[in-house]
1. When segment A:1-45 is examined, which residues are found to be among the aliphatic types (A, V, I, L, M) and either within 16 Å of the chain's Cα centre (by Cα) or surrounded by 14 or more Cβ atoms within 10 Å (Cβ to Cβ) (or both)?
2. With the condition kept exactly as written, say whether any residue in segment B:57-70 is buried (at least 20 other Cβ atoms within 10 Å of the Cβ), more than 21 Å from A:TYR39 (Cβ to Cβ) and within 11 Å of chain A (Cβ to nearest Cβ).
3. Is it true that A:ALA87 is more than 11 Å from chain B (Cβ to nearest Cβ), within 18 Å of B:TYR104 (Cβ to Cβ), surrounded by 12 or more Cβ atoms within 10 Å (Cβ to Cβ) and modelled with pLDDT of 90 or more?
4. Consider segment A:56-84. How many of its residues are within 14 Å of another protein chain (Cβ to nearest Cβ) and surrounded by fewer than 18 Cβ atoms within 10 Å (Cβ to Cβ)?
5. Out of the residues in segment A:62-84 that are aliphatic (A, V, I, L, M) and not in a strand (DSSP E or B), state the one that is farthest from the chain's Cα centre (by Cα).
6. Which number in (1) more than 10 Å from chain A (Cβ to nearest Cβ); (2) under 19 Å from A:TYR36 (Cβ atoms); (3) exposed (fewer than 14 other Cβ atoms within 10 Å of the Cβ) marks the one condition that B:CYS23 misses?
7. What's the total number of residues in segment A:41-81 that are touching a residue at least 12 places away in the same chain (Cβ under 8 Å) and of a type in the set (Gly, Ala, Ser)?
8. Output the residue which, of all residues in segment B:29-53 that are of a type in the set (D, E, K, R) and under 18 Å from B:ARG77 (Cα atoms), is farthest from the other protein chains (Cβ to nearest Cβ).
Amino acid sequence: AQSVTQLDSQVPVFEEAPVELRCNYSSSVSVYLFWYVQYPNQGLQLLLKYLSGSTLVESINGFEAEFNKSQTSFHLRKPSVHISDTAEYFCAVRGTGFQKLVFGTGTRLLVSP
Amino acid sequence: NAGVTQTPKFQVLKTGQSMTLQCAQDMNHEYMSWYRQDPGMGLRLIHYSVGAGITDQGEVPNGYNVSRSTTEDFPLRLLSAAPSQTSVYFCASSGDTSSSYEQYFGPGTRLTVT
C-alpha cells in the first residue's frame with residue numbers, strides 16, 4: 001500500500017517569491033507520482049506527473065517537481081509565484097498498472113501582493 | 001468532448017433520505033472512481049470500477065453503493081443519508097496505459113445532509 005504526506009497545510013507567500021510545497025511518500029513498490037491543483041470551487045486538474053525517465057518534471061505554467069527516490073520525496077517548486085497560483089495543491093501516488101490513486105491531505109498556497 | 005460531468009452540482013438532503021449522484025464520461029475510459037473531499041483529509045476513495053460490470057470498494061465505502069452498467073456512466077447511491085456524508089464528491093475517470101492512467105476529474109457535487 002502507498003501513502004502520501006504533505007506536512008504543510010497552508011503556505012503563505014508574497015507574489016514573485018519562490019515557493020516549495022513538500023510531498024513525501026511511502027511505498028514498497030515502484031510508483032508513479034502526481035501533483036494536482038484545485039482552484040476555488042473547481043475540480044482537480046493534473047499539474048504534472050512523474051512516470052519514469054528524467055527525475056525533474058515541469059508543467060506549462062512554470063512549476064517543477066523532482067522525484068528523489070532515496071528521500072522518497074516529490075516536492076513542487078516554482079521560482080516566482082503569481083496571484084493566480086493561489087489554489088490547493090494535492091500530491092498523489094499510485095503503483096504501476098491501475099491501482100488506487102492515494103492523495104495527500106493537500107497544501108493551500110496563498111499568494112498575496 | 002465534455003470530459004467528466006457530474007449532476008447535480010449542489011444538493012441538500014434530510015437524514016435518512018436516499019439519492020443518486022450521477023457521473024458520466026465521454027472519453028471511453030475503462031476506469032472510473034468516486035472520491036469524497038473533506039477539509040484537512042484530502043480525497044478519499046469511496047468506490048471504483050475497472051470496467052462495465054466490475055466495481056470494488058475503496059477506503060470509505062460504507063453507506064454508498066455503485067454500479068457500472070455502461071462504460072460511460074458510474075452513479076453513486078446514498079442509501080440512507082447521514083450528516084457524516086456531508087462532503088464534496090468528485091467522480092474521476094482514467095484511460096489505458098497510453099495515458100498512464102491520468103485521472104480526469106468532474107466539477108464535483110456539494111452535498112449537505114441536515
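The values are calculated or read from the model by the stated rules, or taken from the named source; none is laboratory data. Quick caveat, the model's predicted, so the values are computed rather than measured. Cβ coordinates were reconstructed from backbone atoms using ideal geometry, including for glycine residues, and neighbour counts include every protein chain displayed.
1. Hits for segment A:1-45 are A:VAL4, A:LEU7, A:VAL11, A:VAL13, A:VAL19, A:LEU21, A:VAL31, A:LEU33, A:VAL37, A:LEU44.
2. Scanning segment B:57-70 turns up no residue that is buried (at least 20 other Cβ atoms within 10 Å of the Cβ), more than 21 Å from A:TYR39 (Cβ to Cβ) and within 11 Å of chain A (Cβ to nearest Cβ).
3. yes
4. The total comes to 1.
5. A:ILE83
6. (3)
7. Number of matching residues: 5.
8. For segment B:29-53, the residue satisfying everything is B:ARG36.
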